[in-house]
Structure formats: structure tokens, C-alpha cells
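Here the structure is laid out as C-alpha cells; the discussion comes afterwards.
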Amino acid sequence: MNVEKLQKIINDHKLWLVEGDTGERANLRDANLRDANLQGADLRDADLQGADLQGANLQGADLRGANLRGADLQDANLRGANLRGAKRGTKLTVIQGSQHLVTIDCNNIQIGCEYKTKEEWLNIYKETGNANEYSEKQIKEYLDYINLAEDLKE
């Protein structure tokens, strides 16, 4: 999808969210949004079912209540994204972090080869990051992923 068309859909969606009777809910079902820059986008309640979001920048995006069933989020940047209430159709989320793959299921988080509960990660994330020679920025990145797990439970 070209940038102009995507921006129009996002602008119309924003009107729909604010005013209700103007604009239009974002219908991005099955859209090719590979590598799209959606940083900070307000996509609450948007329909992204089946969308190709591989490599998309969704940093800080508001995806509360969005339909993400069947969406491909491989290599998408979800850092700081709000996914509360997003409909995913699966309870498994996989994110490629800057150093290790992060897998989040219903009750646990796997970072690299270490599989722990959120509470366990919160107790050891700095120590583990330092042991793996993460920078301070990367330690913060993985803390964001650990905290994202709570949003995904809802």
C-alpha cells in the first residue's frame, strides 16, 4: 500500500475515533504493510486482520482493541505499543528483539533460550542483560517486552 493511501486511512480513522459520525474505521484487512512506518499511529479498534506487518515500525502505536487475527508481525517493532484488548487469535506472540527472539505465551516469556514467568524476569532482567553484554538501551528494550506481556494477556 502506498504511503498516501495509508495516511488517508489513518486520518479518516482518527476522525472516526474522535467524532464517530465522520471519518471511517480503518479497514486494513489483508493489507500489505510490510516495512510500513506506523510509529505512534492511533489504530485503536482498527481492522488489521491478515495484514502483512512484517518489519513494520509500530513503536508507540495504540492498537487497543485492534483486530490482529492472522496478522504477520514478524520482525515488527512493537516497542512501547499498546496492545491491550487487541484480538490476536492466538496466545503466542513472537518478537525479534535487537539481540534475542522474545516469545510470549499465556503465562511465560522466553528470551533467547531462557523461559521464565514475568515476575521472574522482572527480578533478573538487569542481571541477565549484563551477563549477555546488553547495552543499557537494550536492557530497557527487553524490559519493555517483559511489560508488554501483561498487555497481551488482556
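Numbers for the structure displayed
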{"item": "Normalised per residue, the volume of the convex hull around the Cα set of the chain (Å³)", "result": "99"}
{"item": "Cβ-based charge dipole, the stretch 30-154, positive-most Cα from G112, Q39, L83", "result": "L83"}
{"item": "Inverse mean reciprocal Cα-Cα distance (Kirkwood Rh) of the stretch 70-154, Å", "result": "13.0"}
{"item": "Relative contact order of the stretch 43-123, defined on C-alpha pairs under 8 angstrom at six or more residues apart (%)", "result": "22"}
{"item": "Electrostatic dipole magnitude of the stretch 91-154 [Cβ: Lys, Arg +1; Asp, Glu -1; Cα centre; debye, to 20]", "result": "80"}
{"item": "Under-5 Å amide H pairs with Y115, H placed in peptide plane, nonlocal only", "result": "none"}
{"item": "Spatial separation of Cα centroids for the stretch 1-46 and the stretch 101-115, in angstrom", "result": "31"}
{"item": "Per-residue Cβ neighbour rank within 10 angstrom, fewest leading, R29, R64", "result": "R29, R64"}
{"item": "Flagged links, alpha-carbon separation over 31 Å, of K87/K118; K14/K126; K5/K140; K8/K137", "result": "K14/K126; K5/K140; K8/K137"}
{"item": "Degrees, to the nearest 10: 136-153 long Cα axis against longest axis of the chain", "result": "60"}
{"item": "Packing-based ranking, highest mean first, of 124-130, 2-8, 43-49, 82-88 given that Cβ atoms within 10 Å are counted", "result": "43-49, 82-88, 124-130, 2-8"}
{"item": "Kirkwood-based shape ratio for the stretch 17-59, expressed as Rg/Rh from alpha carbons", "result": "1.01"}
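All of the numbers you see were taken from the coordinates with simple rules; none came from a lab. No experiment lies behind these values; they were computed from the predicted model shown. Every residue, glycine among them, receives a Cβ derived from its backbone with ideal geometry; neighbour counts consider all protein chains shown.
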